[in-house]
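Okay, so here's the structure we're looking at.
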Amino acid sequence: FKKVFGEHQDLVISFLNALLPFENEEEEIRSVEYLSPELVPLNPLKKDSIVDVRCKDGLGRQFIVEMQMMWTPEYKQRVLFNASKAYVSQLGKSRHYELLQPVYSLNLVNDVFCDGDEYYHDYRIVEVAETKEVIEGLRFIFIELPKFTPKSYGDKRMQVLWLRYLTEIDEDTREVPKELLDNPEIGKALEEVEESAFTEEELLGYDHFWDMLGASRLLMIGSIRRGMKEGMEKGMKKGMEKGMEKGLKEGLEKGIKEGMKNGLEKGRAEGMREMIARMRERGQSVSRISELTGIPEKEIDDMTRDKEK
């Protein structure tokens, strides 16, 4: 990536114009000047950082391009840190803010980090309630390469071709699709890939890089599994405690409620028996009591017998 886009201005111009969200031809890049990929802090005691490609155009706009092989949650903070550093480094002691030019951060991620099918993510600083209100200066583009398919952006031909170049051409490629070879910029980039074959030392370094990447993935997967196991154990314990507490509370409430209901029903039945017994003692017939209370005669007989027992 660095050999192709970090050494050939015409290729990086084509690449940036294809992938950045420019709204019209007037915004497109005409020329670039390579800048040091090392972002040195104003304070020498602060952290410096290195990006893959950094350049600026004739208007003074800066472009930071990075290829990220593995996604981590902290990567967005790294991108924000680097772009912000490039933005503030434009000012000297004079502090003429009107001279500040935008910084575009283009990040090609060979990993999936968002749900859904969208692979192109455009971030700006916007007002929350009214997203049309934008604070200009910083713009962040993240592209999830594994999600890309040639049909994704049919109307942006160069974007499709450059993303195909990044996703389809690798060390196993033996035959390049004709539509890639027929495009002058892509064809030149393909030649550069062939001509820039690694030396033995570079191959060793490349192998070492993949070994480190594999080890990092294993460490990350191990950490995730340990975290999930600990989380599940903690969650189950807490859930059981909460469940028991909730169960006891609900059981007590239900018991009180049912007890009160049963007690009321039992009390009413006892009171009804007492009333019917007194009415019988005063000579009221079963039929008359049934007429007055609405209770069937059979139930009155049963209550009378139960009371006598």
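List of remarks:
- Per residue, the stretch 100-167 exposes an accessible area of 54 Å² to a 1.4 Å probe, with every protein chain left in place.
- Pairs from the list K147/K234; K2/K151; K85/K229 with a Cα-Cα gap above 29 Å: K147/K234; K85/K229.
- Burial ranking of peptide ranges 131-141, 15-25 (average Cβ count within 10 Å, highest at the top): 15-25, 131-141
- Cβ-Cβ FRET estimate between R78 and K3, R0 fixed at 30 Å, reported to 0.05: 0.85
The values are calculated or read from the model by the stated rules, or taken from the named source; none is laboratory data. What you are looking at is a predicted structure, and each value in this text was computed from that prediction instead of being measured. Reconstructed Cβ throughout: ideal geometry from the backbone, glycine too, with neighbour counts over all protein chains shown. SASA here: full protein model, heavy atoms, side chains in, ligands and nucleic acids out. Shrake-Rupley method; radii C 1.70, N 1.55, O 1.52, S 1.80 Å.
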